[in-house]
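Notes for the one structure printed next.
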Amino acid sequence: MAVSRLAPSASTLSKLLLHPVSAPPFSRPFSGTAAGDDQTVLTIETSVPFTGHKIDPPSRSVEATPKELLSFFQDMAVMRRMEIAADSLYKSKLIRGFCHLYDGQEAVAVGMEAAITQRDSIITAYRDHCTFLGRGGNLVEAFSELMGRRTGCSKGKGGSMHFYKKEAGFYGGHGIVGAQVPLGCGLAFAQKYFKDETVTFALYGDGAANQGQLFEALNISALWDLPVILVCENNHYGMGTAEWRAAKSAAYYKRGDYVPGLKVDGMDVLAVKQACKFAREHALKNGPIILEMDTYRYHGHSMSDPGSTYRTRDEITGIRQERDPIERVRKLILTHEIASASELKDIEKEIRKKVDEAIAQFKESPMPDPSELFADVYVKGYGVEMQACPGLKLSKSIK
Amino acid sequence: MALRGLGRRISIGKRCFSSASEVEKRPRDGKQINLFSAINQALHIALETDSRAYVFGEDVGFGGVFRCTTGLADRFGRNRVFNTPLCEQGIAGFAIGLAAMGNRAIAEIQFADYIYPAFDQIVNEAAKFRYRSGNQFNCGGLTIRSPYGAVGHGGHYHSQSPEAFFCHVPGLKVVIPRSPQQAKGLLLACIRDPNPVVFFEPKWLYRLAVEEVPERDYMLPLSQAEVIRQGSDITLVGWGAQLSVLERACDEAAKDGISCELIDLRTLIPWDKETVEASVRKTGRLLVSHEAPVTGGFGAEISASIAERCFLRHGLQLEAPVARICGLDTPFPLVYEPFYMPTKNKVLDAIKATVNY
C-alpha cells in the first residue's frame, strides 16, 4: 500500500541498496508546511481527461498526499538514473547482449504500483528493469542480473530481458513479443480460483498489440470474466515501425472491441495511478479491461538502436520538455511547496550516489558457478544426463 | 548410378543447377564484401529480375536490423518492399498466400528465435500445399529468410538454431550458407526454386565474414554439399558459421598429422547423402557439428543415415562411432555461452578421440 511504504526509516545507504527502492533514504524533514502534515490530501487534476471505450471513465481529479508525490519523484528518479547508468555500462561493454531501456516511461511503473499491492501480479515484456524496481527489486540485484552475476535476481541466467521476483508477484521479463499476455491471463485465471481478490496486470507494447495471441487471450478472458488488466504501453514505435504503419487502428484501448478500455496519459503518474485503481476494481467485478498508456521512450528500442532513424530528435526533445514524468511531479511538488528545488536536487544527487554504489557493489559479485549451466533445465532429481560431447569424459549426470 | 570418384566433387544430375562447378572454377571477379551486403545484392537482383518478387518483414523498410534490405525500398518502391506489423504467424500466412498466387514472396523473420508463431503456417500450410491439392496449388515462390545462431551475447532469444525443427518437414527445403559468396548464390537459388524454402543466415557472420563476391547474377545448386577441404582420416560435416570453427579445428588437427575432409552441407533438406557417404567411405570416420542442442539436432539424422549406409559395405566400414559435437541440451544460455558452444577445442578433442578409437 502506498502510504505504509512512505513511513520514514533511518535506513543507511547500504541498507537501501538491498531494500526496496521506495523506502526513502532520507530522514530529514522538508521545508514547507504541506510536507510535514501527513493528513493533507491534495486534489490534483490529471493532464488530460480519460477517454473511455464502452465504459464511463473515472474522474480526472486525483487525490495524493505530499509524501506520495515525493515518493513518486524519488522512485522515478531512481529508475531514470538506473537506466542512464545501464546505458553507460552497456557502452563500456560491461553489460552485453540486448538491453532495452525504459527511461521516459517511469510513470507507468510507479503509478501502477501506487494503485496495487504485491499480492497482485504484474507480467511484462522485455523492457522490465523499472517494473522490477517498482515491484520491490533493488539496484544491486538489477545491475547484477544485467551483468549476468550470481547475485542477480534470476541468478544471472536471465539477463536484461528476464528479471523476475516471485515474492513480489512479478512474473517477469519476456523476450518473445506478446507471449506474456496469454500467460498473464492464465495468472488471472488462477487468481480467480484463489478467490483472494487479486488481479493481474499484463503489460505489452504497441508492437505486440498486433499479435494474434493477444486476441485469443482477450477472448478467453472476457468469456470467463478473468480479473486481468491488459496494459498497452503505447510508446508509439514498435522498434523502428511507427504505430500508424503497423496498426490499422492505433486506438489500442478500443481494440478489445467487446472489452472496455481506457486511454490514459502514461506520462502523468497520477493519471496512471487513478486508471490502475479504477481498472483493478473493474476487473475484480466485471472481468478484463484494457488500459492504453500513452507514453514515450527516450532511448531507441534497444541499445543497438540509436532511435533516431525513424523519429526526429525534435520529437524526442519536445516530449522531454513538455511531458517528462519526473519534471511533471517536480513542478507539482514545487507548486504545492512540498519541497524546495534545491532539496529535490539533493535527492537526485543522493540517488546518483546510490546507483554508483550499487554498480561498484555488483562489480565485486562473482559470475555464476559453471554447474548452474545444467541446473533447472528440468526439476532436479528427475534424471537428465547432460552430454557435452559423446565419447568424451565431459558428460555430467544430474542426480 | 553416379560415379563414386574418390575425393572428387560429384554432381548428380537430377537436382543441380548447371552453374555450380563453373562458378567455383571461374576467376574471381567481384568485390570484397560482407555477408549482409552479399545478401543485399542477392535481394536486389531477385527484385530486379522478377517484377513479381516482394520483400517484406518487420522493419525491413529502413534496411532491416542487420542491413540486409538496405536500399531495396528506395529502389523498388514501397509496394514491393514493405514493413509488416509485428506478427510472425501473420507474416508467414500472408507470404504463403502471396506465393500461392504465383508471386515470389521473400519474407523475413527478424530472428529465428521468433519463428515459432509462424511454425504452424510453415509446417501445415506451406509444406503441404502442393501435396494436398494434388498439385493444383503450391507456394513454391515462398522463401523465408531469418538470421539464426549465436552471436556472442545473444542469450536465449537472439541465438537459437531451429533448423532441426524444419528439417523434419517433407515439402520444405532448408538452406544455410557459410559465407558471403555462398550466401548470394544460394539465396538466389532458393528464391527461384519452385518449392518453399527456409533460408537461415548465420548472424555472427553478417559483418565478420568478408569475401570476394561476384557482382553478377549467379546461383549455387541446392541439395548439393560441397567438399571444401580434402582429407583422408576423418570427415567433418557442418553448416553456417560452424564451418569456420571446424576449419580451425582441421588446421590444428593437421599439426598432429590428422588429415581432415571438411564438408559444407549447404542444403539440410533434402540433403546430399551421396557426397557425405562417399567421403565417409573414404575416410571411415565421421564427425558432425552444429550449434543447436545435440539431442534431436540435425546431426542425429546425418549420423543415423551414414551409419545405415556405411556400416559395412564393400570392405570399407566405419572405423569409429559417429561423433557429434553440438550445443548442450540446455536452453541457449546467457553468460554460459562459451561453455554451451561446440568450440574448436571440443571438436579437436573429438577428432583425436575418433581417429584413435
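The values are calculated or read from the model by the stated rules, or taken from the named source; none is laboratory data. Quick caveat: nothing in here was measured; it's all calculated off a predicted structure. All Cβ positions, glycine included, derive from the backbone under ideal geometry; neighbour counts span all protein chains shown.
Only one entry of A:Gly159, A:Gly137 meets the criterion of being touching a residue at least 12 places away in the same chain (Cβ under 8 Å) and facing chain B (nearest Cβ under 9 Å), and that entry is A:Gly159. Taking first residues from region A:271-282 that are in contact (Cβ under 8 Å) with a residue 12 or more places away in the chain and partners that are aliphatic (A, V, I, L, M) and in a helix (DSSP H, G or I), the Cβ contacts under 6 Å between residues at least 6 apart in sequence or on separate chains come to A:Val272/A:Ala107; A:Val272/A:Val108; A:Lys273/A:Ala114; A:Lys273/A:Ala115; A:Cys276/A:Met112; A:Cys276/A:Ala115; A:Lys277/A:Ala115.
The selection criterion, being out of contact with any Lys or Arg (no Cβ under 7 Å at 6 or more places or on another chain), within 29 Å of A:Val78 (Cβ to Cβ) and among the aromatic types (Phe, Trp, Tyr), holds for A:Tyr171.
Going by the structure shown, is B:Tyr114 among the aromatic types (Phe, Trp, Tyr) and either within 14 Å of another protein chain (Cβ to nearest Cβ) or at positive phi (or both)? Judged against the criteria, B:Tyr114 is a match. Of the residues making up region B:1-60, those that are modelled with pLDDT of 95 or more, among the β-branched types (Val, Ile, Thr) and in contact with a Leu (Cβ under 7 Å, 6 or more places away or on another chain) are B:Ile39, B:Ile45, B:Val55.
Evaluation of B:Cys190 against the conditions (1) within 21 Å of B:Ala292 (Cα to Cα); (2) of a type outside the set (Val, Ile, Thr); (3) without any contact (Cβ under 8 Å) to a residue 60 or more places away in the chain; (4) crowded, with 21+ Cβ neighbours inside 10 Å shows that the sole unmet condition is (1).
Filtering region B:342-357 to residues that are in a loop (DSSP other than H, G, I, E, B) and buried (at least 21 other Cβ atoms within 10 Å of the Cβ) leaves only B:Pro342. State whether one or more residues within region A:188-204 are in a loop (DSSP other than H, G, I, E, B) and at the interface with chain B (Cβ under 9 Å from one of its Cβ atoms). There is no residue in region A:188-204 that is in a loop (DSSP other than H, G, I, E, B) and at the interface with chain B (Cβ under 9 Å from one of its Cβ atoms). Only one of the listed residues (A:Gly175, A:Gly148, A:Gly152) is over 30 Å from A:Asn210 (Cα atoms), part of a loop (DSSP other than H, G, I, E, B), in contact with a helix residue (DSSP H, G or I) (Cβ under 8 Å, 6 or more places away or on another chain) and not charged (D, E, K, R). That residue is A:Gly152. When region B:292-306 is limited to residues that are farther than 19 Å from B:Asp113 by Cα and within 13 Å of chain A (Cβ to nearest Cβ), the one that is surrounded by the fewest Cβ atoms within 10 Å (Cβ to Cβ) turns out to be B:Ala300. Exactly one residue out of B:Val280, B:Val276, B:Val245 is in contact with a Cys (Cβ under 6 Å, 6 or more places away or on another chain), surrounded by 18 or more Cβ atoms within 10 Å (Cβ to Cβ) and assigned to a helix (DSSP H, G or I): that is B:Val280.
Condition check ((1) under 26 Å from B:Val213 (Cβ atoms); (2) out of contact with any Cys (no Cβ under 8 Å at 6 or more places or on another chain); (3) among the aromatic types (Phe, Trp, Tyr)) across all residues:
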| residue | (1), (2), (3) |
| --- | --- |
| B:Leu43 | yes, no, no |
| B:Phe62 | yes, yes, yes |
| B:Arg78 | no, yes, no |
| B:Val81 | yes, yes, no |
| B:Leu98 | no, yes, no |
| B:Arg104 | yes, yes, no |
| B:Pro117 | no, no, no |
| B:Gln121 | no, yes, no |
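Regarding A:Tyr258, is this residue modelled with pLDDT of 95 or more, out of contact with any Gly (no Cβ under 9 Å at 6 or more places or on another chain) and either surrounded by fewer than 24 Cβ atoms within 10 Å (Cβ to Cβ) or not hydrophobic (A, V, I, L, M, F, W, C) (or both)? Yes, satisfied. Which of the residues spanning region B:49-67 are of a type outside the set (Phe, Trp, Tyr) and either touching a residue at least 24 places away in the same chain (Cβ under 8 Å) or not assigned by TED's automatic domain parsing to the domain that holds B:Ala183 (or both)? Listed by number, the residues that qualify are B:Thr49, B:Asp50, B:Arg52, B:Ala53, B:Val55, B:Gly57, B:Glu58, B:Asp59, B:Val60, B:Gly64, B:Val65, B:Arg67. Restrict the check to region B:255-267 and report whether at least one residue is within 30 Å of B:His156 (Cα to Cα), over 16 Å from the mean Cα position of the chain (by Cα) and assigned to a loop (DSSP other than H, G, I, E, B). Looking for residues that are within 30 Å of B:His156 (Cα to Cα), over 16 Å from the mean Cα position of the chain (by Cα) and assigned to a loop (DSSP other than H, G, I, E, B), one finds none in region B:255-267, hence no. Here A:Gly172 fulfils each of the conditions (1) within 13 Å of another protein chain (Cβ to nearest Cβ); (2) over 12 Å from the mean Cα position of the chain (by Cα); (3) under 28 Å from A:Ala250 (Cα atoms); (4) without any contact (Cβ under 8 Å) to a residue 60 or more places away in the chain apart from (2). Do any strands (runs of 3 or more DSSP E) lying entirely in region A:205-317 carry at least 3 residues that are of a type in the set (Val, Ile, Thr) and either touching a Lys or Arg at 6+ places or on another chain (Cβ under 9 Å) or more than 14 Å from chain B (Cβ to nearest Cβ) (or both), and which ones are they? Strands (runs of 3 or more DSSP E) meeting the threshold: A:228-234.
When A:Gly178 is tested against (1) buried (at least 20 other Cβ atoms within 10 Å of the Cβ); (2) more than 14 Å from every other protein chain (Cβ to nearest Cβ); (3) small (Gly, Ala, Ser), only condition (2) is not met. Here B:Val335 qualifies as under 30 Å from B:His156 (Cα atoms), surrounded by 18 or more Cβ atoms within 10 Å (Cβ to Cβ), free of Cβ contacts under 8 Å to residues at least 12 places away in the same chain and of a type in the set (A, V, I, L, M).
Residues in region B:27-55 that are assigned to a helix (DSSP H, G or I) and crowded, with 21+ Cβ neighbours inside 10 Å: B:Leu35, B:Phe36, B:Ser37, B:Ala38, B:Ile39, B:Asn40, B:Gln41, B:Ala42, B:Leu43, B:Ala46, B:Leu47. Got at least one residue in region A:279-286 being crowded, with 23+ Cβ neighbours inside 10 Å and either farther than 28 Å from A:Leu146 by Cβ or within 19 Å of the chain's Cα centre (by Cα) (or both)? Yes, some residue in region A:279-286 is crowded, with 23+ Cβ neighbours inside 10 Å and either farther than 28 Å from A:Leu146 by Cβ or within 19 Å of the chain's Cα centre (by Cα) (or both).
Of the listed requirements (1) surrounded by fewer than 23 Cβ atoms within 10 Å (Cβ to Cβ); (2) not in a loop (DSSP other than H, G, I, E, B), B:Pro321 misses just one: (2). Cβ-Cβ contacts under 7 Å between residues 6 or more apart (or on different chains), taken from a first residue in region A:303-329 that is polar (S, T, N, Q) to a second residue that is surrounded by 18 or more Cβ atoms within 10 Å (Cβ to Cβ), are listed as A:Thr309/A:Gly240.
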